[in-house]
Structure formats: C-alpha cells, structure tokens
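Here's the structure we're looking at; comments come further down.
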Amino acid sequence: MAPDTLPTSRSRRSHTLRCALPVAVFLTLVLAPRVQAQQFLYVCTSHGHTISGGLPPPECKGEDIRELNPDGTLHHLIPAPLTQEQRRKRDQDEEERRRQEEQDRAQSRKDRALLETYGSVSEIEAARSRALANQQVLVDRADQRIEQYQKERKRLDDEAEFYAKREMPAKLKSAFDANRVLIDQQQHVKEKVQQEMRDVDARFANEIKRYKELEDMAVQAAAARERESGGVPDNN
C-alpha cells in the first residue's frame with residue numbers, strides 16, 4: 001500500500017506550490033509599487049544649476065529643497081535654513097507681534113473699564129469738572145499763601161530801608177531768606193498742581209474721544225447685525 005500513498009503526497013505538495021506561486025506573484029506586483037512610491041527625489045537650484053539625488057544633496061545646503069514623488073510632483077518643500085539676518089528679522093517680527101497683542105489686550109481692558117465706569121459722555125465731562133475743581137482748590141490755596149508771604153516780604157523791605165546805609169542785621173537777612181524759600185515752595189506747589197490739571201484734562205479728553213469711538217463702533221456693529229439678519233436698522 002505504500003507505493004500507492006507516495007504519489008498522493010507528491011501530488012499534494014505540487015498542488016500547494018502551484019497555489020502559492022500566484023499569491024507570491026500577486027503580492028510582489030502589489031507591494032513593489034508601494035515600496036517604489038516611497039523613493040523620493042530631492043532637487044534644488046544652487047548657483048544657477050539644478051542638483052538632484054536620492055538624498056538631500058550636500059550642495060543644496062542653504063537652498064530650498066523640493067522633495068518630489070516618482071511622477072515628478074511636489075511632495076514636500078524643505079525650506080532653506082534661515083540666515084542670521086533672517087533669524088534676527090523673524091525674532092523682531094515675533095517680538096513686535098507679541099507687543100501689539102499685549103497693547104490690544106491692554107486697550108481692551110481699558111475699554112471695558114471705561115464702559116463700566118461711565119454711562120454717557122456727559123458723565124465723563126461731569127467727572128472731569130469735579131476733578132479739575134478739586135485741583136483748583138489747591139492752586140487757590142497756594143495763591144493765598146504766596147500773597148501772604150509777599151505781604152510779609154513788603155514788610156521786610158520796609159524794615160530794610162532803615163539799613164540802606166549800614167549793614168543789615170543777620171536776623172533780618174535770615175527773614176528775607178526764609179521768606180524767599182516759602183514763596184518758592186508755594187510757586188513750585190502751584191506749578192505742580194497746574195501740570196496735574198493739564199494731565200487730568202488731557203486724560204478725560206482722551207476718555208471722551210475713546211468713548212465716542214466705542215459708541216460709533218457699537219452703532220456700526222448693530223447695523224451690520226441688522227443687515228445680516230435681513231432686517232432694517234432703526235435710525236431713530
């Protein structure tokens with residue numbers, strides 16, 4: 001019986017090989033293009049010459065490198081390294097962008113505070129009047145003291161006439177010096193407060209201007225919403 005079983009085993013192995021061969025051929029045909037598809041060509045232009053290779057060519061250092069598919073289409077662009085000047089410019093632009101963003105955030109905070117503090121331009125004008133009035137009180141007080149010290153100076157001048165032809169006493173000289181210091185101090189106080197008043201007036205003027213701008217922006221935004229919704233803006 002053994003001779004009868006041997007051909008059967010060989011036949012089975014032959015059949016298995018015949019079946020496996022088409023599968024192997026099929027896998028080779030299917031997978032080969034995929035492997036080939038991963039083979040890119042790297043191309044650059046350096047000093048007027050086109051350079052290419054299976055890997056980024058060393059001659060392309062400092063140039064943009066095009067990574068091409070087998071069919072010649074662009075797969076990826078490898079940008080050239082930035083020069084020192086380009087890096088400096090990039091850093092400057094980035095710093096300017098961050099600075100501008102911070103300014104925008106700061107302005108947004110100021111705008112919110114302005115709108116939360118005042119309900120109208122007239123309220124801002126009233127607040128400005130109150131602030132300037134408070135400062136004016138300090139100016140008037142300084143003027144009163146200056147006037148008082150100037151009267152004292154007049155008295156000292158009258159007393160000094162008795163010493164027109166002789167030396168002025170040390171006590172009288174000290175009184176003149178003290179009087180001059182007091183007048184200078186009040187002049188300084190007055191000038192300082194007056195500068196503060198100018199600053200306050202300018203600040204409120206800017207707030208009024210900005211408040212009006214925000215009002216206009218709100219009106220324009222409302223009109224835009226009306227147009228988008230298909231409605232008719234109310235001009236009243």
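Structure data summary
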quantity: Qualifying residue in region 117-140 (condition: over 25 Å from Lys192 (Cβ atoms), touching a residue at least 40 places away in the same chain (Cβ under 8 Å) and of a type in the set (Val, Ile, Thr)); calculated: yes
quantity: Residue check for Arg88: out of contact with any Lys or Arg (no Cβ under 6 Å at 6 or more places or on another chain), among the charged types (D, E, K, R) and modelled with pLDDT under 95; calculated: yes
quantity: Residue in region 158-166 that is in contact (Cβ under 8 Å) with a residue 40 or more places away in the chain and out of contact with any Ser or Thr (no Cβ under 7 Å at 6 or more places or on another chain) present; calculated: no
quantity: Residues of region 58-92 satisfying the condition of being among the charged types (D, E, K, R) and surrounded by 10 or more Cβ atoms within 10 Å (Cβ to Cβ); calculated: Glu59, Lys61, Glu63, Asp64, Arg66, Glu67, Arg87, Arg88, Lys89, Arg90, Asp91
quantity: Residue check for Ile146: out of contact with any His (no Cβ under 6 Å at 6 or more places or on another chain), outside the structural domain of Lys209 (by TED's automatic domain parsing), more than 22 Å from Arg210 (Cβ to Cβ) and aliphatic (A, V, I, L, M); calculated: no
quantity: Selected residue (only one of Leu77, Leu82, Leu114, Leu132 is part of a loop (DSSP other than H, G, I, E, B) and either at pLDDT below 95 or over 30 Å from Gly48 (Cα atoms) (or both)); calculated: Leu82
quantity: Meets criteria (surrounded by 14 or more Cβ atoms within 10 Å (Cβ to Cβ), in a helix (DSSP H, G or I), under 45 Å from the mean Cα position of the chain (by Cα) and not polar (S, T, N, Q)) for Val219; calculated: no
quantity: Complete set of residues in region 169-205 that are farther than 24 Å from Val137 by Cα and either among the hydroxyl-bearing types (Ser, Thr, Tyr) or in a helix (DSSP H, G or I) (or both); calculated: Ala170, Lys171, Leu172, Lys173, Ser174, Ala175, Phe176, Asp177, Ala178
quantity: Evaluation of Ile208 against (1) loosely packed, with under 11 Cβ neighbours inside 10 Å; (2) part of a helix (DSSP H, G or I) (one fails), failing number; calculated: (1)
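The values are calculated or read from the model by the stated rules, or taken from the named source; none is laboratory data. Everything numeric here is computed off the predicted structure, so don't read it as measured data. FYI the Cβ positions are ideal-geometry reconstructions off the backbone, even for glycines, and counts take in every protein chain you see.
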